[in-house]
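Worksheet: the structure to be examined is printed underneath.
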């Protein structure tokens, strides 16, 4: 594949040209020259932009992503850091799952109003206390319960 100008990179990736210029300013990507007034990029920039997109989707800040990329196009990812971010995502998924299930329960609960439902009121209290998590027990698939209510090892 031949070099691409900024418009083609933008078209192929969906990343606006202004963002590409910003990424270049931050050192996340590098142009290899110009064709007239337009920046030119090596085709390898597509993979680098995909890595940046994955990092952003995973919750990494641009400075964190930048620290994982080298100027020569390689990566220097700290596996422990990646694992820690994956754990953080697991916790977010659990909170979002509990929230989804509480909302679903409220939508389908036979109580006249959601706040008249004891299960939903408990979910609201837990969310307000910052103790919303998921366990596979309860009146619906994933119940919001206090963080202290966990199974203990016996024997």
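The values are calculated or read from the model by the stated rules, or taken from the named source; none is laboratory data. Model, not experiment: these values are computed from the prediction. For neighbour counting, all protein chains shown are included, and Cβ atoms are generated from backbone atoms with ideal geometry for every residue, glycine included.
Annotations
- Residue check for residue 28: under 26 Å from the mean Cα position of the chain (by Cα) and either in a loop (DSSP other than H, G, I, E, B) or at positive phi (or both): yes
- The number of residues in the stretch 99-116 that are in a helix (DSSP H, G or I) and either surrounded by 13 or more Cβ atoms within 10 Å (Cβ to Cβ) or not assigned by TED's automatic domain parsing to the domain that holds residue 128 (or both) comes to 9.
- Positions within the stretch 1-24 being closer than 20 Å to residue 36 by Cβ and assigned to a loop (DSSP other than H, G, I, E, B), in sequence order: 2, 3, 16
- Looking across the stretch 14-45, the residues that are surrounded by fewer than 17 Cβ atoms within 10 Å (Cβ to Cβ), out of contact with any strand residue (DSSP E or B) (no Cβ under 6 Å at 6 or more places or on another chain) and touching a residue at least 24 places away in the same chain (Cβ under 8 Å) come down to 26, 27, 30, 43, 44.
- Of note, residue 77 satisfies the criterion of being in contact with a helix residue (DSSP H, G or I) (Cβ under 8 Å, 6 or more places away or on another chain), under 23 Å from residue 46 (Cβ atoms) and surrounded by 10 or more Cβ atoms within 10 Å (Cβ to Cβ).
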